[in-house]
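Student: Dropping a structure here in structure tokens format, bear with me for questions.
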Amino acid sequence: MCLFAPCVLVAEETSFSRDVMTVLSKAGCNAGACHGNQNGKGGFKLSLWGGNPGSDFKALQSGGRVNINEPTASKVLLKSTLQVKHEGKKRFETGSAENRILLDWIRAGAAEDSNEVPHLESISVSPGMAMLTAQGNSLALKVTATFSDGEPVMEVVA
């Protein structure tokens, strides 16, 4: 898992809550300036920063945003790659990791799994406090995320 580095990991099975929600957040789709706005944008409303995956799933299922019968015709793919007009500009390239995650999820039936996958319970960063005294100094941080299944995920960021 990459907590700070700009990366997207593709698992064997694409998960709505783990993968699709991550793509929507990374692209800024659920930000306050976009579809996470209290009124949404362009008739499409997502929860702010993905706070309610269940309602986001329902929103994606409406208005042709997800097309199970013809996945490549899904609005969520066409708009995010500017293959059709999108006021929110291009969010990622066709064929990018983000695009493949969305497409794989739709091709697999666009299932909702929020109640099945582990949820983030806590994040810890160490050292808890540090002071850098000179310009150009750096410090390695250890970030550990713990999930509801008890599985810790750690990354050291230099």
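Student: Just name the residue that is farthest from the chain's Cα centre (by Cα) out of those in the range 131-157 that are loosely packed, with under 10 Cβ neighbours inside 10 Å and of a type in the set (S, T, N, Q).
Tutor: Thr133
Student: Does Arg91 qualify as being on the phi < 0 side of the Ramachandran plot and touching a helix residue (DSSP H, G or I) at 6+ places or on another chain (Cβ under 8 Å)?
Tutor: Against the criterion (on the phi < 0 side of the Ramachandran plot and touching a helix residue (DSSP H, G or I) at 6+ places or on another chain (Cβ under 8 Å)), Arg91 qualifies.
Student: So which of Asp104, Asp56 ends up being closer than 14 Å to Ser17 by Cβ, among the acidic types (Asp, Glu), modelled with pLDDT of 90 or more and in contact with a helix residue (DSSP H, G or I) (Cβ under 9 Å, 6 or more places away or on another chain)?
Tutor: None of the others qualify; the one that does is Asp56.
Student: Working only within the range 30-56, note down all residues that are touching a residue at least 24 places away in the same chain (Cβ under 8 Å), part of a loop (DSSP other than H, G, I, E, B) and on the phi > 0 side of the Ramachandran plot.
Tutor: Within the range 30-56, just Gly42 meets the criteria.
Student: Looking at the range 97-104, can you tell me whether even one residue there is in the same structural domain as Gly51 (by TED's automatic domain parsing), free of Cβ contacts under 8 Å to residues at least 40 places away in the same chain and among the hydrophobic types (A, V, I, L, M, F, W, C)?
Tutor: For the range 97-104, residues in the same structural domain as Gly51 (by TED's automatic domain parsing), free of Cβ contacts under 8 Å to residues at least 40 places away in the same chain and among the hydrophobic types (A, V, I, L, M, F, W, C): present.
Student: Suppose the filter is in the same structural domain as Lys45 (by TED's automatic domain parsing), small (Gly, Ala, Ser), closer than 21 Å to Ser15 by Cα and at pLDDT below 85; does Gly64 pass it?
Tutor: For Gly64, the condition - in the same structural domain as Lys45 (by TED's automatic domain parsing), small (Gly, Ala, Ser), closer than 21 Å to Ser15 by Cα and at pLDDT below 85 - is met.
The values are calculated or read from the model by the stated rules, or taken from the named source; none is laboratory data. Since the structure is predicted, the reported quantities are computational estimates derived from the model, not experimental observations. With ideal geometry, Cβ positions are generated from the backbone for all residues, glycine too; neighbour counts draw on all protein chains shown.
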